[in-house]
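*Asks:* Right, I'll just put the structure down here and ask away after.
The values are calculated or read from the model by the stated rules, or taken from the named source; none is laboratory data. Remember, it's a predicted structure, so these values are computed and weren't measured experimentally. Don't worry about glycine lacking a Cβ; one is built from the backbone with ideal geometry, like all the others, and counts go over all protein chains shown. Surface areas here come from the heavy atoms of the whole protein model, side chains and all, with no ligands, DNA or RNA. Shrake-Rupley method; radii C 1.70, N 1.55, O 1.52, S 1.80 Å.
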Amino acid sequence: MEIPTLSEEEKQKLFMEMWLGAMMGPMGFIMRKLGPEALEELNEEAGKHCAADLKGRGVDDALKFAMNYAVVNKNIFGGDVEVEGNPEKAVLDMKRCSNLEAALQFAEKGMPITKEQHCSGCINGYFKRVAKNLGFKLDVEFTDKGCRMTISK
């Protein structure tokens, strides 16, 4: 039997749904069973580990930080992203966040998640922690389909 080859867009969508489901399920379980303090501790630890990984890959300025996440979001998750700036201050513009799209699709199917909860978890639970551990400041402006992150020293 021939196995179909998926298009790039189909691969990205499938991976995005699998990845988000794999993240949201355990986080919900932790909240129910162990409480918000445990999730806070997990997010703090993840932020430290991700920052260490980025340091090891040479991410040492705001522009490299923004580009790293732009490459992942465009190529792995299929998002529409742009980056502008310089090593001291860069903007990662998530014009269409595929993570948010997938979360809202899960919400339509009954998963108890809102745009605000998803975006807060993404920014406050992850991006700000990673940035802080790298010595950066991260500010965000939310949009209908994503957000604009400003990363600075």
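*Asks:* Residue by residue through region 74-101, note down the ones that are touching a helix residue (DSSP H, G or I) at 6+ places or on another chain (Cβ under 7 Å) and part of a helix (DSSP H, G or I).
*Replies:* Matches in region 74-101: 98, 99, 100.
*Asks:* Which of the residues belonging to region 135-153 are outside any strand (DSSP E or B) and either open to solvent by 100 Å² or more (accessible area, probe 1.4 Å) or of a type in the set (D, E, K, R) (or both)?
*Replies:* 144, 145, 153, listed by residue number.
*Asks:* Okay, moving on. Among the residues of region 24-36, which ones are loosely packed, with under 12 Cβ neighbours inside 10 Å and either assigned to a loop (DSSP other than H, G, I, E, B) or touching a residue at least 12 places away in the same chain (Cβ under 8 Å) (or both)?
*Replies:* 35
*Asks:* Would you mind stating whether residue 120 is more than 20 Å from residue 15 (Cβ to Cβ), modelled with pLDDT under 95 and of a type in the set (S, T, N, Q)?
*Replies:* yes
*Asks:* Let me ask something additional. So in region 105-123, with the set limited to residues that are assigned to a helix (DSSP H, G or I) and touching a residue at least 60 places away in the same chain (Cβ under 8 Å), which one is nearest to residue 21 (Cα to Cα)?
*Replies:* Here the residue is 106.
*Asks:* So which residues in region 76-91 are buried (at least 18 other Cβ atoms within 10 Å of the Cβ) and either under 13 Å from the mean Cα position of the chain (by Cα) or under 20 Å from residue 18 (Cβ atoms) (or both), if there are any at all?
*Replies:* Within region 76-91, 77, 78, 79, 81 meet the criteria.
*Asks:* Can we say residue 94 is at pLDDT 95 or above and surrounded by fewer than 18 Cβ atoms within 10 Å (Cβ to Cβ)?
*Replies:* no
*Asks:* Note down all Cβ pairs under 8 Å where the first residue falls in region 50-69 and is of a type in the set (D, E, K, R), the second is part of a helix (DSSP H, G or I), and they're at least six residues apart or on different chains.
*Replies:* 57/68
*Asks:* Which of (1) crowded, with 16+ Cβ neighbours inside 10 Å; (2) part of a loop (DSSP other than H, G, I, E, B) does residue 65 not meet, given it meets every other one?
*Replies:* (2)
*Asks:* Being surrounded by fewer than 20 Cβ atoms within 10 Å (Cβ to Cβ) and not aliphatic (A, V, I, L, M) is the filter here; which residues of region 102-118 pass it?
*Replies:* Hits for region 102-118 are 105, 106, 108, 109, 110, 112, 114, 115, 116, 117.
*Asks:* Does any residue in region 6-23 that is within 16 Å of residue 97 (Cα to Cα) and of a type in the set (A, V, I, L, M) come within less than 8 Å, Cβ to Cβ, of a residue that is assigned to a helix (DSSP H, G or I) and open to solvent by less than 80 Å² (accessible area, probe 1.4 Å) six or more places away or on a different chain, and which pairs are these?
*Replies:* Matching pairs, first to second residue: 16/98; 16/99; 16/101; 16/102; 20/99; 20/102; 20/103; 20/106.
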